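What follows draws every value from the coordinates through simple rules; no lab data is involved. This one's a predicted model, so the numbers in the text were calculated from it and none came from an experiment. Methodologically, a virtual Cβ is constructed for each residue, glycine included, from the backbone with ideal geometry; neighbour enumeration extends over all protein chains shown.
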Amino acid sequence: MNAIFMLRPTNCPKCDSKKVKKILYGLLCLPIWKRLFHRDWICGGCCIDEDSPEWYCDKCEYGWGKYQK
């Protein structure tokens, strides 16, 4: 199993939903875009700021966690 998903939070801290996704940043190539359609990840854009979240809730749209470069 991929290490990213072994560390995935099981629930959103705001609404307790299990619809948690990893946020990916940067210019994404075609294989990554294809993977996005499997609902594993969400695109966070090209820029990473100090307060860019690592996790996203698909139900309440809450982002949390500190993204690790």
On a straight-distance basis, which lysines could pair with Lys66 in a cross-link, Cα separation under 17 angstrom, same-chain partners fewer than 8 positions away excluded? Lys14, Lys21, Lys22
Modelling each spin label as a point 7 Å along the Cα-to-Cβ direction, I'd like the Asp40/Ser17 distance in nm, to one decimal. 2.1
